[in-house]
Amino acid sequence: MRKNTVRPTDIKLHQKSRVLEVSFDDGSHFNLPCEYLRVYSPSAEVRGHSPGQEVLQIGKENVNITQIEPVGSYAVCLFFDDGHSTGIYSWDWLHHLGTNQEGLWKQYVERLEKAGHPRKPAKTAG
């Protein structure tokens, strides 16, 4: 993963559609669903303390972000409506999630299915 090479130029939360829109100074632009951000939280609670300790996140289809707080000049902390707020999303981590969204999402859905928890469609925001 790249180290401190990109910085966001714009971050917008679309709560109704449950999407965090992020643009970076390298010209990249990503629409990151709240569910995706929640299940790939960089927190120890989700990722564990070492490889192989990851905790599969189940039932996050309708999770939303309620608050975004800056962390220094390198990251944001995302507060989710399920109470999760311990992940520090560095600019590099957000860029990584955007760049690799298709593959990471596929991995997540496959892990859910393998664990016997197929993903349920999210409720339509209203």
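Quick note: the coordinates plus some simple rules give every number you see, no bench work behind them. Since the model is a prediction, treat every value here as computed from it, not as a measurement. All Cβ positions, glycine included, derive from the backbone under ideal geometry; neighbour counts span all protein chains shown.
Miscellaneous remarks
- From the options 13, 32, residue that is within 27 Å of residue 123 (Cα to Cα), in contact with a Gly (Cβ under 7 Å, 6 or more places away or on another chain) and of a type in the set (A, V, I, L, M): 32
- Neighbours by Cβ (under 7 Å, 6+ apart or cross-chain): first from region 7-19, without any contact (Cβ under 8 Å) to a residue 60 or more places away in the chain; second in a strand (DSSP E or B) and hydrophobic (A, V, I, L, M, F, W, C): 9/24; 13/20; 13/65; 13/68; 19/32
- Output for region 38-64, where each listed residue is touching a residue at least 24 places away in the same chain (Cβ under 8 Å), touching a Gly at 6+ places or on another chain (Cβ under 8 Å) and of a type in the set (A, V, I, L, M, F, W, C): 46
- Candidate set from region 1-11 (those that are surrounded by 12 or more Cβ atoms within 10 Å (Cβ to Cβ) and among the aliphatic types (A, V, I, L, M)); member that is nearest to residue 100 (Cα to Cα): 6
- Pairs, first within 10 Å of residue 90 (Cβ to Cβ) and touching a residue at least 24 places away in the same chain (Cβ under 8 Å) in region 65-78, second β-branched (Val, Ile, Thr) and part of a strand (DSSP E or B), C-beta under 8 Å, six or more apart: 76/11; 76/68; 76/88
- For region 12-27, the set of residues classified as in a strand (DSSP E or B) and surrounded by fewer than 16 Cβ atoms within 10 Å (Cβ to Cβ) consists of 12, 14, 21, 23, listed by residue number.
- Candidate set from region 96-116 (those that are touching a residue at least 60 places away in the same chain (Cβ under 8 Å) and not hydrophobic (A, V, I, L, M, F, W, C)); member that is farthest from residue 6 (Cα to Cα): 108
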